[in-house]
Each structure stands twice: as C-alpha cells, then as structure tokens.
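Read the structure below first, then the notes.
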Amino acid sequence: MKELLTGKSVIVTTDCKGVYHGTLVDHDHMHATCYLAKANMIATWGTSAGVDELADTGPTDRSDVCAMVQLIWINRLTSVVLCSEDAIKKWEKYKK
C-alpha cells in the first residue's frame, strides 16, 4: 500500500482530529506516522459530506485552510485518503 500512495496528493487524519492535505513523502503504517510535503492543515472542513469530500472534490469556499509548509511529520494517523484529480486542482490554489 505504501508504494501506491507515495508521491500522491492525499488527505490524512489523526486521532486528535487533525486533518491535512499534501504530497505523501513517506508513511509508516506500523507506527501510524507520515511525512507530507507542501502540506496544509484544514482547520474547518467546510464540507456537506464529511471529511472525505476534501479528497473527492477538494476544499469549498467555506473551508478554512492554513498556510502551506514545505514538510511536516504527522503522527497518530487514522486515515490516508487518495485525492481525485478534481480535488487536486482545487488544492493547487493553496500551494503558493
């Protein structure tokens, strides 16, 4: 599974209710950790269909997306969700 997602645009969630978007650099399933490049934390989802909507269609006008960081290590993962092409296009505006 690790190889399928490495280098891809993903949404990750944590057991502390953290939600992030970025490019998966590395993922350790056994320790529930990952590194994301060009990452944003999503403070408010702003979705009508839950957190997975961020991976399916991208952020909405109501989403509160924090500033991008070049690299972040995230622990206590609960999910890693592959983003669709439509979502990736919307996420690009936050990568400047």
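Throughout, read-outs are computed from the coordinates displayed, never taken from laboratory work. Note that the structure is predicted; figures quoted are calculated from it, not measured. All Cβ positions, even for glycine, are placed from backbone atoms using ideal geometry, and neighbour counts span all protein chains on display.
Here are the numbers for the structure shown:
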| read-out | value |
| --- | --- |
| Cα-based Lys proximity count in the chain, under 24 Å, for pairs eight or more positions apart or on separate chains | 20 |
| Global geometry of region 2-94, whether rounded, prolate or oblate, following the gyration tensor of its Cα atoms and the 1.5 cut on a/c | prolate |
| Label point distance in nm, D52-C16, each placed 7 Å from Cα along Cα→Cβ | 2.6 nm |
| Student exercise, the chain dipole from Lys, Arg, Asp, Glu Cβ charges, in Debye to nearest 20 | 300 debye |
| Three-way shape label, region 1-49, alpha-carbon gyration tensor, a/c 1.5 | prolate |
| Spacing of the two label points (7 Å from each Cα toward its C-beta) at T60 and K93, in nm | 1.4 nm |
| Most fluctuating residue given options G50, G58, G18, as computed from a GNM of the chain linking Cα atoms under 10 Å | G50 |
| Per-residue [θ]222 nm for the chain (sum of -39500 (n - 2.57) over DSSP H runs n ≥ 4, rounded to 500) | -3000 deg cm²/dmol |
